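The values are calculated or read from the model by the stated rules, or taken from the named source; none is laboratory data. All of these numbers come straight from a predicted model, not from anything done at the bench. Methodologically, a virtual Cβ is constructed for each residue, glycine included, from the backbone with ideal geometry; neighbour enumeration extends over all protein chains shown. Just the protein is used for accessible areas: all its heavy atoms, side chains included, with ligands, DNA and RNA removed. Shrake-Rupley method; radii C 1.70, N 1.55, O 1.52, S 1.80 Å.
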Amino acid sequence: MEKIEFLAIGDIVLDEFIRLHEASIHCNISKENCEICMKFADKIPYEDSWVVPAVGNASNAAAAAAKLGLKTALVTNLGDDKNGEECIVSLKSAGVSIEFVKVHKGAKTNYHYVLWYEDDRTILIKHEHYPYSLPDIGTPKWVYFSSVVDVAYPYHEALVDHLIKYPEIKLAFQPGKFEIKLGKEKLARLYARTDAFFCNKEEAEKILGLNGGTDIKVLLESIRALGPKIVVITDGPRGGFVYEEDRMWQMPIYPDPKPPYERTGAGDAFSSTFASALCLGLDIETALKWAPINAMGVVQEIGAQKGLLTLAKLEEYLTNAPENYKVKKI
């Protein structure tokens, strides 16, 4: 069997998007701590709904890598229900191998509700508690680990043990909500074994226990001190920032051809495209140029995968990029 180049590990879900048009957003003066509000104890009409199978940080990353031409597989858990069957069909369609997908008899597949208002979303999440065990994954070129439910621990430690046994495997780590909740101390071995780390600015502040508004250079240096060789932090309209060895870079966002339609999966697209470029043997500056383009493509469509680009299309956008779309050393 052909060697796997990009192996994603993490929970998989179905997202049901519910498009709202009777709601309001309330924020403090700094535009943080925003809340979505709807009438209580009322019947609230919605515009439409869509079900998107086989999503989640890891499966989104697998789909992105496969679209860019990498031999890709996913390690995940499913229930033996109709939703699980839909996820299997979707993964196969995306070119992702299901050899490490475990189906649990009598269990449900993870199902999330995405309340979509204007161009952003609030997600109602529920993760099933499967019996997590790491299969014999062999020696893929890169492992991309992201987002399993917190009760899966010490699944994370089993992964680290495997990676220590096979030091030639590169690790990309994109902590999800539950990894952040577990804390950097509990996952110290995982951070220390990471080759490329990904999160956004707000997540970095939570991981480090720092206040909002912390300087991006401080965040890069502090995450790097936990062990990752390459640290990538995104900061919304300011773009992406990278720290590796003694060098820091900033990359602007790629201009949207039209206003963003729906933002789910933009961060996953950025992180997995960057990791895919490294897996293909490309340098950090090239990875930084690729990542915002795939993120731009994703926000033009519903869900985290429909807007993912092929390598040819990504390179077309790069060829036609505006003059100021350049990597800047900081």
Report summary line: Scanning segment 183-213 residue by residue, the ones that are more than 19 Å from the chain's Cα centre (by Cα), in a loop (DSSP other than H, G, I, E, B) and loosely packed, with under 14 Cβ neighbours inside 10 Å total 5
**Report entry** Filter result (in a strand (DSSP E or B), polar (S, T, N, Q) and under 30 Å from Gly236 (Cβ atoms)) within segment 78-128
**Finding:** Thr122
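Could you tell me which residue of segment 239-277 is surrounded by the fewest Cβ atoms within 10 Å (Cβ to Cβ), considering only residues that are charged (D, E, K, R) and closer than 19 Å to Glu202 by Cβ?
Per the criteria, the residue is Arg263.
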Report task. Would you be able to tell me the number of residues in segment 95-111 that are open to solvent by less than 40 Å² (accessible area, probe 1.4 Å) and aliphatic (A, V, I, L, M)? Result -> 3
Query raised in the report: Are any residues in segment 157-169 surrounded by fewer than 19 Cβ atoms within 10 Å (Cβ to Cβ), in contact (Cβ under 8 Å) with a residue 12 or more places away in the chain and not in a helix (DSSP H, G or I), and if so, which ones?
Result: Tyr166, Glu168
Query raised in the report: Which one of these is of a type in the set (Lys, Arg) and modelled with pLDDT under 95: Lys71, Lys67, Lys39?
Result: Lys39
Requested in this report: Spot the failing condition for Tyr325; the list is (1) in contact (Cβ under 8 Å) with a residue 40 or more places away in the chain; (2) over 19 Å from the mean Cα position of the chain (by Cα); (3) on the phi > 0 side of the Ramachandran plot, and only one is missed.
Outcome: (3)
Query raised in the report: Within segment 45-68, is even one residue part of a helix (DSSP H, G or I) and of a type in the set (Val, Ile, Thr)?
Result: no
